[in-house]
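The next block holds one structure in the form of structure tokens; read it before the comments.
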Ligand SMILES: Cc1cc2nc3c(=O)[nH]c(=O)nc-3n(C[C@H](O)[C@H](O)[C@H](O)COP(=O)(O)OP(=O)(O)OC[C@H]3O[C@@H](n4cnc5c(N)ncnc54)[C@H](O)[C@@H]3O)c2cc1C
């Protein structure tokens, strides 16, 4: 099977407009004949379901939570990018495009990224029209702040609750369609499998998480918006329910998984403080607008921060990257923090932390001004750490935060399986090997509000509605397999909890496929994961039954998938003999410890095909062709 990204011809700036014109349309009167399943109600899924229903399609929307409003997107803190250039500081569609391609270390498709930059402006207008309360300047215009990897201010925000406010906007639009009957909402449903016949997605099999019933749903197209897989590391900033199951099950049914090893480790999180912690807390990147990152110059210096004089501090980001300073992109900031800690200059009890200091900003702007900007984040920090960041510098350390990899999609956001579309964090597109801050919300909403509503029509116009129903044998077979797997999990009756296995997998992933990787470590990890997976299927204990609300069972299914998927991540990392963005193979670095790409041999998207549980995954390469930007060594100096 080959892959074709279906990138339209013509000039970069004209591709999307031309493509929209060339896409076939579905007659308005015919739209109601088509049934579309949207799995996930985060920013990508919520916006997609609402927009598709608004167009006239019949939509079924599914999510794990009790309400669409609780999708993980609600956690997003401080911003969404758009090249509005309200600040008149030199922003443009081109600059946002360029920053994103460069930020992703030249491992993203030019055409997709340019389109993203183009529609970024529409997103802000759409959300303002919905009533999203973006922060405003005194005169009423929308306010902006800076984020990493950019020298302009293009990040729109609603205090530290941008995701929540945007999700409320999408949810309002969705609710309107639920009320009109165009969207049927299925909360508390977990997609367990994709139904495929003849290389075409036909529907899904879900478990009703309250009754345990296995349900079958058919559709003319299936849209996965199921978020990222950062929880493969056990400890991450993601919501507890974030998982890889829907995407991985689709992968096992034939959808290619692209660049699974590209993980984003966010530099600004509260450091790990104990073995029994289940979650890590993000301290927004926006804090690096005013906070200064430093460590003591002397290794092993255990003096409290206020006893360390200026002359004995190293503001290592400002020193090493004078142009971008503390606002270098996340991969660069994370690696530098690790480097400082590895050299013995880490602070705090574990010595796995660096300072983020607001003393200068408070002196310059006043405590009130800083409180207005970051008050809720400071409060959150104080509640967790019991330390007041207005008086003592915060301690931060990198943590798993976002996954750039995902199911492979073409320019239309369709996977290699016909009729299976993938949006938001669940697909691989747009961010390359490293995502810039405030660009995930932009991409999720671009996909849902402005890309899919056009491209799905192009697909549906060529298919007959309702061709395959749940009476097709493929539905019965897929549902039976899902049921068997559940029974198998319940029958093992071993001694170790699901969380115990998950924690051990997470440690393997963090140690060998985390912030820094090397060939020997990745090979070792693959063996360790295979062994752990064997133990899981022999010794896991899953209490309760299949026929009622059973969170242990839910988690067991997700961890079983992580135990397979983690291996694919390591294999992808091992095959990519270069460093780029978040994928840092220690064997490939510049003299200054920056990621060293190999454009001659690795300038491609790695799309993996599943070849059976015992087989090796098959690699398909989608070459990345750069016609508009020059491939260079990324520099933020
Ligand atoms: C703490 C934090 C702060 C962040 N802040 C920012 C920020 O300021 N700016 C920014 O741009 N990005 C930010 N991000 C990243 C951003 O929030 C996410 O990338 C984005 O919200 C993902 O949206 P999504 O719609 O793709 O998926 P999600 O919001 O993760 O939604 C996934 C949906 O899929 C459903 N689902 C999952 N699996 C299944 C299944 N098997 N069956 C049924 N339903 C399923 C879930 O129920 C949910 O509804 C942040 C991330 C974190 C963790």
Exercise for review: Please work out if residue 173 is assigned to a helix (DSSP H, G or I), in contact with a helix residue (DSSP H, G or I) (Cβ under 7 Å, 6 or more places away or on another chain), within 16 Å of the ligand (Cβ to nearest atom) and modelled with pLDDT of 95 or more.
Suggested key: yes
Practice item. Considering (1) in contact with a helix residue (DSSP H, G or I) (Cβ under 7 Å, 6 or more places away or on another chain); (2) farther than 20 Å from residue 153 by Cβ; (3) in a helix (DSSP H, G or I), say which one residue 298 fails and leave the rest. Key: (3)
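Take residue 39 and tell me if it is within 16 Å of the ligand (Cβ to nearest atom), crowded, with 24+ Cβ neighbours inside 10 Å, more than 20 Å from the chain's Cα centre (by Cα) and within 29 Å of residue 179 (Cα to Cα).
On the way: within 16 Å of the ligand (Cβ to nearest atom): yes; crowded, with 24+ Cβ neighbours inside 10 Å: yes; more than 20 Å from the chain's Cα centre (by Cα): no; within 29 Å of residue 179 (Cα to Cα): yes.
Considered against the rule, which asks whether it is within 16 Å of the ligand (Cβ to nearest atom), crowded, with 24+ Cβ neighbours inside 10 Å, more than 20 Å from the chain's Cα centre (by Cα) and within 29 Å of residue 179 (Cα to Cα), residue 39 comes out as no.
So, residue 556, is that one over 25 Å from residue 101 (Cβ atoms), touching a strand residue (DSSP E or B) at 6+ places or on another chain (Cβ under 7 Å) and assigned to a helix (DSSP H, G or I) or not? So that I can check it myself, show each step before the final result.
Working: over 25 Å from residue 101 (Cβ atoms): yes; touching a strand residue (DSSP E or B) at 6+ places or on another chain (Cβ under 7 Å): yes; assigned to a helix (DSSP H, G or I): yes.
For residue 556, the condition - over 25 Å from residue 101 (Cβ atoms), touching a strand residue (DSSP E or B) at 6+ places or on another chain (Cβ under 7 Å) and assigned to a helix (DSSP H, G or I) - is met.
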Check your understanding: Looking only at residues in the range 225-244 that are out of contact with any strand residue (DSSP E or B) (no Cβ under 6 Å at 6 or more places or on another chain) and outside any loop (DSSP other than H, G, I, E, B), which one is farthest from the ligand (Cβ to nearest atom)?
Key -> 232
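Select from the range 305-315 the residues that are exposed (fewer than 12 other Cβ atoms within 10 Å of the Cβ) and in contact (Cβ under 8 Å) with a residue 60 or more places away in the chain and list them in ascending order.
Narrowing the range 305-315 to residues exposed (fewer than 12 other Cβ atoms within 10 Å of the Cβ): 306-307, 309-311.
Selection gives 306 alone.
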Check your understanding: Given 156, 233, which one is buried (at least 21 other Cβ atoms within 10 Å of the Cβ), farther than 23 Å from residue 566 by Cβ and in contact with a helix residue (DSSP H, G or I) (Cβ under 9 Å, 6 or more places away or on another chain)?
Key -> 156
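The values are calculated or read from the model by the stated rules, or taken from the named source; none is laboratory data. This one's a predicted model, so the numbers in the text were calculated from it and none came from an experiment. Here the Cβ is made from the backbone with ideal geometry for all residues, glycine too, and neighbour counts use every protein chain on show.
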